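Below you'll find the structure, written out as structure tokens, and then a few comments.
The values are calculated or read from the model by the stated rules, or taken from the named source; none is laboratory data. Keep in mind it's a predicted model, so treat the numbers as computed, not measured. Cβ sites come from the backbone with ideal geometry, for glycine too, and all protein chains shown count toward neighbours. Only protein heavy atoms, including side chains, enter the accessible area calculation; ligands, DNA and RNA are left aside. Shrake-Rupley method; radii C 1.70, N 1.55, O 1.52, S 1.80 Å.
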Amino acid sequence: MQPFGFRENANTCYLLILAFTLVFLPLLIRSSYYLLVVNLIGLNTILVVGLNLLIGYAGQISIGHAAFFGMGAYFSAILTTSFGLSVWFPSWFPGWLIPWVIILFAMLFTGAVAYLIGIPTLKLKGNYLVMATLGFNIIFEIVLVEWDSVTGGANGMAGVPYLAVGDFYFNSDLRFYCLVWSLCLLTLIVSFNLVNSRVGRAMKAIHDSEVAANTMGINTHRYKVKVFVLSAVFASLAGSLYAHYITVITPKSCDIMYSIQVVIMVIVGGIGSVWGSLFGATLLILLSEVLHVIEKFNVVALGLILMLVMIFFPEGLIPGLLKRRRSQVQSSPFRSRRSEVRSQTSDL
Amino acid sequence: MKRAKAMLEVANVNKSFGGIMALMDVSFRVDRGTITAMIGPNGAGKTTLLNVITGIYMASAGEILFEGKNISGIRPHQVSYLGISRTFQNLQVFQNMSALENVMVGSHCRTSAGFIACLARTLKVKREEKEVRNRAMEMLGFVNLAGKQNQPGSSLPCGDQKRLELARALVSHPKLVLLDEPVSGLNNSETEEMGDLILKLKESGMTVLLVEHDMNFVMRVSDVIVVLNYGEKLAQGSPAEIQNDDMVIAAYLGD
């Protein structure tokens with residue numbers, strides 16, 4: 001039996017390994033196409049980690065997170081292109097800082113929208129919550145397409161400027177790589193902080209027994225709304241970064257298919273596993289790049305993968321594989337031993 | 001002025017579900033520092049009353065007074081802040097959390113770190129976390145679960161889960177603990193262990209209201225017994241009085 005601090009120390013260790021790998025990865029990847037793929041993985045991880053907190057820890061499923069992603073992306077795109085926002089800022093305010101401020105405002109705005117949506121919808125349970133968030137995503141898409149004077153309609157918006165710090169522009173894949181992965185690491189760190197805290201425990205408690213959580217003084221509804229808002233804010237950040245990276249944003253990049261795709265990333269990676277989010281995003285992005293060859297059957301393949309994972313690894317690929325490996329090593333038939341293994345892997 | 005002697009007062013409480021009266025005009029008092037047991041046949045309304053006290057159900061009529069203050073209509077998540085905690089009849093241990101984490105959740109109402117502070121893991125959060133962990137470990141020791149802190153709740157045997165729930169309820173320093181069938185499903189030695197723990201609680205000055213079917217256990221630990229039958233209070237008294245009460249005997253054994 002390990003001392004309790006084990007898991008947290010292990011996570012710090014893994015985070016350092018990840019950071020170290022990230023520093024050296026660009027040396028191995030020379031092609032900018034591969035860097036683009038790696039950057040997309042980073043962007044998606046930011047969103048998926050947040051969504052995993054909602055699905056895996058608070059036990060609430062949302063199929064509307066592409067809308068929050070789109071909200072961040074369009075907020076940034078609209079305010080940095082068609083609106084001449086710079087006149088609102090005092091002349092001493094450095095121009096390069098404005099898009100960053102807008103990203104923060106996008107996160108605030110998306111958080112506020114999520115809050116307003118969350119209050120009524122999170123009173124719903126199970127399938128009804130799924131339907132409500134799905135409906136929200138559809139409405140959002142329609143607004144994007146129809147309100148073309150502001151959003152550019154179905155063609156979307158182009159010419160979103162690159163982000164910059166002073167004269168240093170994040171205008172190449174390598175430069176953006178540094179930005180997105182720093183933010184991704186930060187997201188992972190704060191998520192681990194949250195999970196291993198009073199709030200994280202409250203969320204897990206809600207997932208396990210709402211009645212008991214309530215009795216412990218946890219206002220379950222308020223916690224659900226807060227996690228929902230947090231996951232929306234992460235999605236918004238990912239969206240804004242995406243818009244400033246690709247410089248083009250269309251309604252297609254925040255449609256329901258994308259919402260479903262990120263939920264699949266959560267499930268495949270491992271529900272309730274922060275590391276699983278990273279692996280889920282990596283796997284699905286790599287797969288969708290590989291599966292480009294079979295174009296139309298892409299979706300079929302995704303569905304198949306989801307089915308197989310659900311059948312063979314219902315707790316997600318990463319926790320499932322780890323558990324399988326450890327139980328092979330120890331191969332003890334006793335339940336308590338096996339569940340101890342589960343306890344070690346469940347928080348990965 | 002002396003503090004009010006009654007920790008909890010149930011005054012003329014009624015609870016109906018549709019046309020069914022689950023509780024009819026139930027009144028009794030739980031004195032500070034005593035162990036009060038509620039007994040009665042299945043469906044007598046014992047758990048319903050606990051649920052009314054903890055705000056899970058709202059009383060149709062009547063009042064619940066805690067330390068002389070009317071707390072009827074309180075929301076379930078506010079109850080623990082007043083100093084009332086409870087355990088459940090059908091175990092509600094958090095299955096996916098370790099035993100230690102389970103007990104740490106019990107401290108929720110005694111800690112205050114907010115969402116953003118937890119994201120940033122501020123110094124205050126770290127300090128609080130350490131205190132909560134130490135206190136939880138202490139509590140696990142108290143209920144004889146030391147050494148099992150890393151086991152997931154789901155893997156513990158029933159007896160351990162019962163004591164884990166007790167630890168989770170005690171860790172917030174409540175003034176009143178409500179125990180819903182603390183020894184159901186336990187074997188003799190486990191029952192005795194639970195009885196010892198509850199008597200120890202009384203020694204430390206805690207007030208306990210419990211619901212239980214195991215008569216030997218009830219007779220051993222309780223100072224006052226309240227008998228419910230079909231939602232009505234049938235009798236109240238010391239264990240000896242209740243054992244010799246004709247109405248109680250009739251209700252249990254039939255006329």
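The average projected area of the range B:97-231, computed from the convex hull of its Cα atoms over all directions, is 9.8 nm². Ranked from largest to smallest solvent-accessible area, with a 1.4 Å probe on the protein heavy atoms, A:Cys178, B:Cys109 come out as A:Cys178, B:Cys109. Legend: mean number of C-beta atoms from other chains within 10 angstrom of residue C-beta atoms, peptide B:93-103, equals 5. Among all the lysines, which ones have a C-alpha under 27 Å from A:Lys204's C-alpha, if same-chain residues fewer than 8 places away are not counted? In chain and number order, the partners are A:Lys123, A:Lys125, A:Lys224, A:Lys226, A:Lys323, B:Lys124, B:Lys126, B:Lys130, B:Lys148, B:Lys162, B:Lys175. In order along the range B:155-171, phi translates into HN-Hα couplings of 8, 7, x, 3, x, 5, 4, 4, 6, 5, 4, 4, 4, 5, 6, 8, 5 Hz, rounded to whole numbers, per the Karplus curve 6.51 cos²θ - 1.76 cosθ + 1.60 with θ = phi - 60° and x for Gly and Pro.
Remark: accessible area buried at the B-A interface is about 3600 Å², both chains counted, probe radius 1.4 Å.
Within chain B, DSSP assigns beta bridges of which about 55% are antiparallel (rounded to the nearest 5). Normalised per residue, the accessible area of the range B:105-255 is 43 Å², obtained with a 1.4 Å probe and no contribution from ligands, DNA or RNA. 3J(HN,Hα) along the range A:165-177, derived from phi through the Karplus expression 6.51 cos²θ - 1.76 cosθ + 1.60 where θ = phi - 60°, amounts to 10, x, 9, 8, 9, 8, 9, 10, 4, 5, 5, 5, 3 Hz, with x in place of Gly and Pro.
Helical content of chain B, expressed as a calculated mean residue ellipticity at 222 nm, amounts to -11000 deg cm²/dmol (DSSP H runs of 4 or more residues, -39,500 (n - 2.57) each, divided by residue number, nearest 500).
Let's test the formula: R0 of 22 Å, r as the Cβ-Cβ distance of B:His173 and A:Val211. What FRET efficiency results, to the nearest 0.05? With a Förster radius of 22 Å, E is 0.50.
Just to check, using Stokes-Einstein with a Kirkwood Rh over alpha carbon pairs, what's the diffusion coefficient of the protein assembly as shown at 20 °C and 1.002 mPa s in µm²/s? Using the Kirkwood radius from Cα pairs, D works out to 80 µm²/s.
In units of the compact-protein estimate 2.2 N^0.38 Å, the range A:28-254 shows a Cα radius of gyration of 1.07. Residues whose amide H comes within less than 5 Å of that of B:Thr34, counting only those at least five positions distant or on another chain, are B:Val208 (H built at 1.01 Å from N in the peptide plane). I want the local charge near B:Thr191. Using Cβ-Cβ distances under 12 Å, sum +1 for each Lys or Arg and -1 for each Asp or Glu among the other residues. With Lys, Arg at +1 and Asp, Glu at -1, the neighbours total -4. Expressed as a whole percent, the accessible area of the range B:1-89 that falls on carbon and sulfur atoms is 51 (1.4 Å probe). Only aspartates and glutamates eight or more places from A:Lys252 in sequence, or on another chain, were considered; those with a Cα closer than 19 Å are A:Glu141, A:Glu146, A:Asp148, A:Glu289, A:Glu295.
Taking every protein chain into account, the 1.4 Å probe leaves A:Arg198 with about 30 Å² of accessible area, to the nearest ten. Dividing the C-alpha radius of gyration of chain B by 2.2 N^0.38 Å, with N its residue count, gives 1.04. Under 5 Å between amide hydrogens, built in the peptide plane, is the criterion, and for B:Asn229 it picks out B:Leu234 among residues at least 5 positions away or on other chains.
Heavy atoms of the protein chains alone define the surface here; on that basis the range A:147-209 has 39 Å² accessible area per residue at 1.4 Å probe size. Give me the percent of DSSP beta bridges within the protein assembly as shown that run antiparallel, rounded to the nearest 5. Given both bridge residues lie in the protein assembly as shown, the antiparallel proportion sits at roughly 60 percent. Taking every DSSP helix (H) stretch of at least 4 residues in chain A, weighting each as -39,500 (n - 2.57) and dividing the sum by the residue count yields a mean residue ellipticity at 222 nm of -24000 deg cm²/dmol. For the peptide B:106-117, the mean number of other protein chain Cβ atoms found within 10 angstrom of a residue's Cβ is 5.
To put it simply, the accessible area of chain A at a 1.4 Å probe is 70 percent carbon and sulfur.
Computed on protein heavy atoms with a 1.4 Å probe, the accessible areas place A:Lys252, A:Lys204, A:Lys226, B:Lys126 in the order A:Lys252, B:Lys126, A:Lys226, A:Lys204, largest first.
Along the range A:229-245 the Karplus relation, 6.51 cos²θ - 1.76 cosθ + 1.60 evaluated at θ = phi - 60°, assigns HN-Hα couplings of 4, 4, 5, 5, 5, 4, 4, 5, 4, 4, x, 4, 4, 4, 4, 6, 8 Hz to successive residues, with x for each Gly and Pro. Rolling a 1.4 Å probe over the protein heavy atoms leaves B:His173 with an accessible area of roughly 110 Å².
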